[in-house]
Amino acid sequence: MLQGVPPDLYLEGNGLTHRSYNFFIKESNITRLCREKTILTVNGQFPGPAIYARRGDVVVVNVYNQGHTNITLHWHGVNQPRSPWWDGPEYITQCPIQPGNNFTYRIIFSEEEGTLWWHAHTAMDRATVHGAIIIRPRHGTAYPFKKPHKEIPIILGEWWNDDVGKVMADALSTGSDFQPSDANTINGQPGDLLPCSNDSTFRLPVKHGETYMLRIINAALTNGFFFAIAGHCLTVVSSDGSYTKPFTTDYIFIESGQTMTVLLKARRRGHSNARYYVAVRPLATNPAAVLDNSTATAVLEYIDAPSANRANFPTLPSINDSSAAAAYTAQLRSLASKEHPANVPRRVDEHMLVTVAVNEISCAPNEAPCKGPHGNRFASSLNNISFEAPHRDILGAYYRSVVGDVAKTDFPDNPPLSFNFTADNLPPEIALTARGTRVKFLAYGTVVEVVFQGTTILGGDSHPMHLHGFSFYVVGRGIGNFDRHHDPAKYNLVDPPYQNTVSVAKNGWTAIRFRAVNPGVWFMHCHFERHMIWGMETVFIVKNGKRRDAKFLFVGVTKIGYLRKI
Ligand code: C2O
Ligand code: CU
């Protein structure tokens, strides 16, 4: 029997608080867009409950699956140092929690401070199973800006009239694209531009002169969003749980998976203006895809204003304005202060160039005809490998030294075929991919640079790439094909943003760097749900180092893939 590490090992920092939460996964009935529907929730809440912590805390979440399907939860952006057991992606770090079963997660906070979020990491469950994670500074330390009067989580999402399980099953049975959502949402509400949504529009009560911290989270499955508030500027102070150099902007752009923490100074113009619209609209980068182009709204309401007149509407960039998105993103920089330094690796041990693509995969004779492109089924890939999850978790197999039973360990450092990735008209055969379960081993401490290369295969799309277990520095980005001779000279190695999710333009590239100092098994994938489901993902296995604190913590594995509670 494998020996578990005593629980008090987790108390190494001392003074850690162990707040605990009970999350009951259950079905609830809810009405949106004039119809009632059953959705999966945590504790009957949609969006789910927020988790509060301070930097360095450990939080325990007891999950009881009272639903009818398997589920896991993931703490998006929490590095879980040396503790992949509680990271959550199904069949990567654990087998899913079956109906009637329970599982205890430990969320181990370390360097994260700011706004993160949690969500289901099974099928399309995260459409309704998600919530905020709010990490405040340690006791006795302060925000690197004046403390706001109040903080308000703003969770952006998408709503389907149909059951999301059915949406997924329909798409996968025919190989077609997923049916788009029926509304975009702010804190679960489409807002008053959508039918039957007038009374339930999310309202943000404010007082003139006060400063509000909006913790904006993009929990959507398909959409990156523009966000703006009429008559008000926003000051961005943090993103993905890491402080940024503050900058002021009329609108923000937030990719699926990202968070942006902004300060809003409530300053009412004129005497009677009491209401201002908050508006959210997606960015469409793939002209071929059918998109939910609805605008979600909320209302900022001055509770101290004399009268409630009609609200003004903000100016948002237009729906296909990818340069507005890029211009916003280019402003993000690490705070890089004495208290919150940027520690950007200058030397790289392993260079990877990873193409990201939506593809097609041949339709098997027994499933023909498929309804994807060219009579094939939709697929997606990294370096032309469309990842297929095993039926047992990779972490458990790795732990028992039989990772070869579930995966090949030869994920390539370069695309198998070199071509003009961002050409206007690529030959159709380039779209074909094949399935595989191929992962990459990294020695402890390796500095990795991954250049994600967008492609125009099948027209192309942008992709928010997300890495579990690490935040990374976004050292560079550009349009066209990455040029390894000239582009690195333009990198920002001083104060690049420190993110866990980064957008890769369809006709461009994005370079990230991280130090592999977190031993474990870590998923990397596109945060657009259907791209992930189609296989745009892979796994890093970071080996243990020599020192005791460079090894991942062992918990007892009592059954294959199941963890003993400690
Ligand atoms: Cu927010 Cu693996 O995901
Ligand atoms: Cu994608």
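The values are calculated or read from the model by the stated rules, or taken from the named source; none is laboratory data. Keep in mind that what you see is a predicted model, and the values were worked out from it rather than measured. Using ideal geometry, Cβ is built from the backbone for each residue, glycine included, and neighbour counts are taken over all protein chains shown. What goes into the accessible areas is simple: the full protein's heavy atoms, side chains included, and nothing from ligands, DNA or RNA. Shrake-Rupley method; radii C 1.70, N 1.55, O 1.52, S 1.80 Å.
Leaving out ligands and nucleic acids, note down the accessible area per residue over segment 350-556 with a 1.4 angstrom probe, in whole Å².
Working: 7800 Å² over 207 residues.
Result: 38 Å² of accessible area for each residue.
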Would you mind calculating the gained length between Ile319 and Asn293 on full extension (0.36 nm times residue separation, minus the Cα-Cα distance), in nm to one decimal? 8.6 nm
What full-extension length gain, to one decimal in nm, is calculated for Val60 and Arg136 as 0.36 nm per residue of separation minus the Cα-Cα distance? 25.7 nm
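Quick check for me: using +1 on Lys/Arg Cβ and -1 on Asp/Glu Cβ, what's the dipole size of the chain about its Cα centre, in debye to the nearest 20? Mind showing how you got there, number by number?
On the way: 54 positive and 48 negative charges, 358 e Å.
In debye, rounded to 20, the chain gives about 1720.
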Calculated [θ] (222 nm, deg cm²/dmol) that DSSP helices of n ≥ 4 give over the chain, each run adding -39,500 (n - 2.57): -1500 deg cm²/dmol
How many percent of the accessible area of the chain is carbon or sulfur, using a 1.4 Å probe? 50 percent
Excluding Ala266 itself, calculate the net charge of residues whose Cβ lies under 13 Å from the Cβ of Ala266, where each Lys or Arg counts +1 and each Asp or Glu counts -1. +4
List the Cys residues of the chain that have no partner Cys with a C-beta closer than 4.7 Å. Cys95, Cys233, Cys526
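Would you please name the trypsin sites (Lys or Arg not before Pro) within segment 161-225 that are DSSP coil residues with at most 16 other C-beta atoms within 10 Å of their C-beta? Present the calculation step by step, with values, prior to reporting the outcome.
Working: sites: Lys166, Arg203, Lys207, Arg215; in loops: Lys207.
Hits after loop and neighbour filter: Lys207.
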If the chain between Thr249 and Lys551 were fully extended at 0.36 nm per residue, the gain over the current Cα-Cα distance would be 104.4 nm
If the label point sits 7 Å along Cα→Cβ of His486, residues of segment 328-361 with amide N under 11 Å come out as none
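Using alpha-carbon pairs under 8 Å, 6+ residues apart, how would you state the relative contact order of segment 145-334 in percent?
Values: 460 pairs, mean separation 47.3, N = 190.
Reported as a whole number, the value is 25 percent.
List the pairs from Lys146/Lys338; Lys245/Lys265; Lys147/Lys265; Lys146/Lys490 whose alpha-carbon separation is above 22 Å, in the order I gave them.
Working: Lys146/Lys338 17 Å; Lys245/Lys265 17 Å; Lys147/Lys265 12 Å; Lys146/Lys490 34 Å.
Over 22 Å apart, Cα to Cα: Lys146/Lys490.
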For segment 28-105 and segment 172-224, write down the distance between their C-alpha centroids in whole Å. 20 Å
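Given contacts defined as C-alpha pairs under 8 Å and at least six residues apart, what's the relative contact order of segment 350-556, whole-number percent?
Over segment 350-556, the number comes to 26 percent.
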Determine, for each peptide in 185-196, 344-355, 374-385, 496-507, the mean count of other beta carbons within 10 angstrom over its residues, then list the peptides with the highest first. 496-507, 374-385, 185-196, 344-355
Would you mind computing, in nm to one decimal, how far apart the modelled labels at Asn544 and Asp304 are, each placed 7 Å from Cα along Cα→Cβ? 5.9 nm
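Below 8 Å, C-alpha to C-alpha, sequence gap of six or more: please give me the relative contact order for segment 143-198 in percent. Walk me through the numbers on the way to the answer.
Working: 50 pairs, mean separation 20.9, N = 56.
Computed over segment 143-198, the figure is 37 percent.
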Positive-end residue, the chain charge dipole about Cα centroid, Cβ charges, pick of Leu40, Cys370, Thr104: Thr104
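Where in segment 80-151 are there trypsin sites (Lys or Arg not before Pro) that are in a DSSP coil and have at most 14 other Cβ atoms within 10 angstrom of their Cβ? It would help to have the intermediate numbers written out before the result.
On the way: sites: Arg82, Arg106, Arg126, Arg138, Lys146, Lys150; in loops: Arg82, Arg138, Lys146.
Those that pass, being in a loop and sparsely packed, are Arg138, Lys146.
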Inter-label distance for Ser110 and Asn425, nm, one decimal - labels placed 7 Å from Cα along Cα-to-Cβ: 5.1 nm
Evaluate the distance, in nm, between pseudo-label points positioned 7 Å from the Cα of Glu27 and of His149 along their respective Cα→Cβ axes. 4.5 nm
